[in-house]
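J.: The structure's right below; bear with me while I get my questions together.
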Amino acid sequence: MKSKPSFALLVLAGMASVVTLQAQPPVGPGPAAFRPGPPAGPLPLQQPGLVALTTLSGTVQDFTANDESVLDGFTLHTEGKKVAVQFPPHLGQAIQAASKSGRQVTITGSSELTPEGQSLFRLVSLTSGQTVITDTPPSAPATPPTLTPTTFKGKVLDYQLNKQGQVSGLRLSDQTLVRVPPHLAAQVIAVAPKESTVSVEGYVQPTGEGQVRLQKQQVIEASVLTVNGKSFLLR
């Protein structure tokens with residue numbers, strides 16, 4: 001006749017089972033459940049693609065300028081349509097001399113759309129007769145231009161707007177352009193409304209090498225603006 005196990009033996013066996021279960025490693029998802037996360041660090045920069053070049057021929061009309069009246073484009077009449085052509089300002093003198101209004105030219109470049117939705121043709125080279133002008137970086141001046149501090153006083157005639165429609169300066173009654181930092185434009189308008197007389201401390205902005213101003217005007221980079229006896233630092 002078999003004897004039954006004692007109560008003490010049963011308790012010891014139960015405790016051993018609990019220890020064995022607790023010692024088992026936790027069960028995790030199998031290989032199929034693995035999902036890799038995003039790579040560490042910044043994503044690589046997207047490399048620009050190839051830009052297709054186009055060649056157009058036509059006549060030059062209507063030279064155009066940037067916010068400071070510096071020549072940087074013209075309108076090309078070609079095949080019954082008008083194309084807005086733009087180039088770096090340092091090519092202004094060469095292009096103005098080689099492509100006077102009404103002259104036949106051939107240009108190479110690429111078409112693009114500006115953030116404002118304007119279609120333009122970015123010039124790479126221009127051929128006029130035997131003259132060929134290519135978009136190359138401007139050479140560094142042998143002697144850096146000297147900025148001369150100046151104090152100027154005048155009446156605010158209007159506000160200068162950039163191509164985004166934002167105020168970028170004050171246009172005085174003698175056509176002097178007082179440039180102001182864009183982030184301060186709203187405050188400048190508030191303290192210097194039209195017809196107000198202002199005093200400006202700053203530097204006369206020289207015309208860069210190769211550049212042409214379509215309008216004769218003085219451009220001042222303002223550092224201090226005084227209106228009605230109150231002075232404001234423009235930074």
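The values are calculated or read from the model by the stated rules, or taken from the named source; none is laboratory data. Note that this is a predicted model, so its numbers are computed, not measured. Cβ sites come from the backbone with ideal geometry, for glycine too, and all protein chains shown count toward neighbours. These accessible areas exclude ligands, DNA and RNA; they are computed on the full protein's heavy atoms, side chains included. Shrake-Rupley method; radii C 1.70, N 1.55, O 1.52, S 1.80 Å.
J.: How far apart, in nm, are two points set 7 Å out from the Cα along the Cα-to-Cβ line at A52 and at S196?
T.: It is 5.2 nm.
J.: Where in segment 146-235 are there GluC sites (Glu not before Pro) that are in a DSSP coil and have at most 11 other Cβ atoms within 10 angstrom of their Cβ? Before the final figure, lay out the partial values.
T.: Details: sites: E195, E201, E209, E221; in loops: E195, E209.
The qualifying sites are E195.
J.: Which parts of segment 184-210 would a label at V167 reach, counting a residue when its backbone N lies under 13 Å from a point 7 Å out along Cα-to-Cβ?
T.: Answer for segment 184-210: 184-196.
J.: Scan segment 158-217 for trypsin sites (Lys or Arg not before Pro) in coil per DSSP, keeping those whose Cβ has at most 11 other Cβ atoms within 10 Å, and list them by number.
T.: K216
J.: Ok, one more. Hey, got a sec? Which GluC sites (Glu not before Pro) in segment 73-125 land in a DSSP loop and have at most 16 other Cβ atoms within 10 Å?
T.: Numbers: sites: E79, E112, E116; in loops: E79, E116.
Qualifying residues, ordered by number: E79, E116.
J.: Is there a quick way to get the dipole size of segment 183-235? I mean about its Cα centre, with the Cβ of Lys and Arg at +1 and of Asp and Glu at -1; what is the value in debye to the nearest 20? Walk me through the numbers before you get to the answer.
T.: Numbers: 5 positive and 4 negative charges, 22 e Å.
Around 100 debye, computed over segment 183-235.
J.: Now for a different question. What dipole magnitude, in Debye to the nearest 20, does segment 112-211 give about its Cα centre under +1 on Lys/Arg Cβ and -1 on Asp/Glu Cβ? If you can, show how the numbers build up before the last one.
T.: Numbers: 7 positive and 8 negative charges, 44 e Å.
Value, rounded to 20: 220 debye.
J.: Just the number, please: carbon plus sulfur as a percent of the accessible area of segment 126-192, 1.4 Å probe, no ligands or DNA/RNA counted.
T.: On segment 126-192, the fraction of accessible area on carbon and sulfur atoms equals 57 percent.
J.: Next up: Taking only protein heavy atoms into account and a 1.4 Å probe, give the accessible area per residue of segment 117-211 in Å².
T.: For segment 117-211, the per-residue accessible area is 58 Å².
J.: Compute the accessible area per residue over segment 60-101, keeping the other protein chains in place, probe 1.4 Å, unit Å².
T.: 43 Å²
J.: Then there's this: Which one, A98, S57, V83, projects farthest toward the positive side of the charge dipole computed for segment 55-107 from Cβ point charges (K/R +1, D/E -1)?
T.: Farthest towards the positive pole: S57.
J.: So, one more: Considering only Cα-Cα distances, which of the following residue pairs are longer than 32 Å: K81/K155; K82/K194; K163/K194; K163/K216?
T.: Working: K81/K155 41 Å; K82/K194 36 Å; K163/K194 21 Å; K163/K216 20 Å.
Over 32 Å apart, Cα to Cα: K81/K155; K82/K194.
J.: So, counting K/R as plus one and D/E as minus one, what does the shell of residues with Cβ under 12 Å around V51 add up to?
T.: Residues close to V51 contribute a combined charge of 0.
J.: Please give the contour-minus-distance gain from V224 to H77: 0.36 nm per residue of separation, less the Cα-Cα distance, rounded to one decimal in nm.
T.: 48.5 nm
J.: I need the phi-derived Karplus couplings for segment 106-112: 6.51 cos²θ - 1.76 cosθ + 1.60, θ = phi - 60°, integer Hz, Gly and Pro marked x.
T.: Each residue of segment 106-112 in turn: 10, 10, 10, x, 9, 8, 8 Hz.
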